[in-house]
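Have a look at the structure below before the remarks.
The values are calculated or read from the model by the stated rules, or taken from the named source; none is laboratory data. Note that the coordinates shown come from a computational prediction; the quantities given were computed from them, not determined experimentally. Neighbour counts run over all protein chains shown; Cβ positions are idealised from the backbone, glycine included.
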Amino acid sequence: MIFNKQIDKLNIEDIQSLIDNSVCENKKLEYKKELNILTDSDKKEFLADISSFANANGGDIIFGVEEDDNEKIPSKILGIKFENEDVLIRKLEDFIRQSIEPTILNIDYKIIMVEEKKGVLIIRIPQSLIAPHRVEYKGHNKFYTRNNKGKYQMDVNELRISFNSGLSLEKRIEEFKMERYCEILANKYDKLIIDSPIFVIHYIPLVSFNELSQLTIKNIDEAMNKSNSKALGYGYSKRITIDGIAIDYKENDKSSYAIYNKNGIIEKATTNFFKKNFAVENIRPTPIIDMINGYQIINKIIEDFKEVKEYFYSVGISSPIIISCSILNAKGFTIPSNDFFDIYGEIDRDLLLIDNLYVDNFDIEAEYILKPIFDSIWNACGYDSCKAYKNEKYIGL
């Protein structure tokens, strides 16, 4: 987005800075003097604007800012009039949801007050994973996208590319993950003790595969400091690499690491969740198992997601992101039961791949966002669901 900060933290000074610095409209930014959605023509224009951002690289539309018609440079903060902020946003949400197909996920809204019942409205539209989106309003059925000159109607070739891009993106993500798993198992950079299962988690912003811009080492370092970034909850030492900034648990320990890449992708891995030849003391006779510490997985990953969310906010990366988890060298390991009557099984494969988790809203509590990942791990160990939840409510272990 044009602002390198969360939308809810934007203020009038941010808008004024666009004027002071003569920031002109571009592929990811558009100014509107007024919010016009009274006539059918106005409504079609509004919907075309919204859908064009989702079908391109996402961006911000700012209503209530006057601009130079020729140069497209903002010149004055005017604001738009409205009676009630919540009513206005709800009206826009409903209209967009009903008139664009498929629904664009995770659109954000922000009103910055100028005076009573008057403010600047910012609508932030993310780049969509499920593009292309079509405007469907009173017989108007068209697809739009954007370039630096503004929106335009997509042609047949662009539509074909857009329909295929979702499949292409998914393939690129899977290829990236498999390449990383191969390097981890080969211990190419001597990061982990590899005669153990390895829990690997990737946080993958969609922009990492769809934009050429990269974070700088300074960006990464400052954001890591703000979010107190760690290697899955463990102490660390940082070091700069060609890819970004790496975290090691501690010198010569080789049990956890994290990599914060310039392209926005975060990779973390640990062997700390596993223990061979563990005695399950609450059962007689006492079985000896290769154990997965489910309590650690839940608490460390929940803690880590909150930390990573703050990191993404700090570097200006917004949702959607994909969270991908896997356990390498997993065969034969299991989560011990806390109940004598529970029956548990063992993971039946070396590479346990958990379905990608698509996160389009950072505001939902981590415990509920991450539940599908936990359920999958417990399923692999013979349980019907993660035992940290009861009736879909998080209760912990």
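Taken over the stretch 377-397, the residue count meeting the criterion of being surrounded by 18 or more Cβ atoms within 10 Å (Cβ to Cβ), without any contact (Cβ under 8 Å) to a residue 60 or more places away in the chain and outside any strand (DSSP E or B) is 2.
The set of residues in the stretch 362-376 being out of contact with any helix residue (DSSP H, G or I) (no Cβ under 8 Å at 6 or more places or on another chain) and in a loop (DSSP other than H, G, I, E, B) consists of D363, I364, E365.
Picking from residues in the stretch 126-158 that are among the aliphatic types (A, V, I, L, M) and touching a residue at least 60 places away in the same chain (Cβ under 8 Å), the one that is surrounded by the most Cβ atoms within 10 Å (Cβ to Cβ) is V135.
Determine if the stretch 80-87 includes at least one residue that is more than 21 Å from the chain's Cα centre (by Cα), within 22 Å of S319 (Cα to Cα) and modelled with pLDDT under 95. Steps first, answer last, please.
Keep residues of the stretch 80-87 that are more than 21 Å from the chain's Cα centre (by Cα), which gives 80-87.
Now restrict to residues that are within 22 Å of S319 (Cα to Cα): none.
No, every residue in the stretch 80-87 fails to be more than 21 Å from the chain's Cα centre (by Cα), within 22 Å of S319 (Cα to Cα) and modelled with pLDDT under 95.
The number of residues in the stretch 186-206 that are crowded, with 22+ Cβ neighbours inside 10 Å and either at positive phi or in contact with a Pro (Cβ under 6 Å, 6 or more places away or on another chain) (or both) comes to 1.
Matching residues to (1) among the aromatic types (F, W, Y); (2) touching a Gly at 6+ places or on another chain (Cβ under 9 Å); (3) surrounded by 22 or more Cβ atoms within 10 Å (Cβ to Cβ); (4) on the phi < 0 side of the Ramachandran plot:
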site: K268; (1), (2), (3), (4): no, no, yes, yes
site: F278; (1), (2), (3), (4): yes, no, no, yes
site: T286; (1), (2), (3), (4): no, no, no, yes
site: D290; (1), (2), (3), (4): no, yes, no, yes
site: I297; (1), (2), (3), (4): no, no, yes, yes
site: I302; (1), (2), (3), (4): no, no, no, yes
site: E310; (1), (2), (3), (4): no, no, no, yes
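Being assigned by TED's automatic domain parsing to the domain that holds I217, crowded, with 19+ Cβ neighbours inside 10 Å, part of a strand (DSSP E or B) and touching a residue at least 40 places away in the same chain (Cβ under 8 Å) is a property that S318 lacks. Scoring F209 on the criteria (1) at pLDDT 85 or above; (2) assigned to a helix (DSSP H, G or I); (3) surrounded by 13 or more Cβ atoms within 10 Å (Cβ to Cβ) leaves a single failure, condition (1).
Put simply, of S128, S75 the only residue that is closer than 22 Å to K28 by Cβ, in the same structural domain as I12 (by TED's automatic domain parsing) and outside any loop (DSSP other than H, G, I, E, B) is S75.
When I62, I50, I112, I122 are screened for being outside any loop (DSSP other than H, G, I, E, B), hydrophobic (A, V, I, L, M, F, W, C) and surrounded by fewer than 20 Cβ atoms within 10 Å (Cβ to Cβ), only I112 passes. Highlighted here are the strands (runs of 3 or more DSSP E) found entirely within the stretch 217-297 that include at least 2 residues which are in the same structural domain as L206 (by TED's automatic domain parsing) and touching a His at 6+ places or on another chain (Cβ under 9 Å): 266-270. Could you tell me whether the stretch 28-38 includes any residue that is out of contact with any His (no Cβ under 7 Å at 6 or more places or on another chain), within 18 Å of H140 (Cβ to Cβ) and free of Cβ contacts under 8 Å to residues at least 24 places away in the same chain? Yes, the stretch 28-38 contains a residue that is out of contact with any His (no Cβ under 7 Å at 6 or more places or on another chain), within 18 Å of H140 (Cβ to Cβ) and free of Cβ contacts under 8 Å to residues at least 24 places away in the same chain.
Can you work out which of the residues in the stretch 14-68 that are of a type in the set (G, A, S) and farther than 25 Å from A131 by Cβ is modelled with the highest pLDDT?
Kept after step one, since they are of a type in the set (G, A, S), are these residues of the stretch 14-68: 17, 22, 41, 48, 51-52, 54, 56, 58-59, 64.
Adding the requirement that they be farther than 25 Å from A131 by Cβ leaves 17, 22, 64.
Values: S17: 93, S22: 92, G64: 96.
Here the answer is G64.
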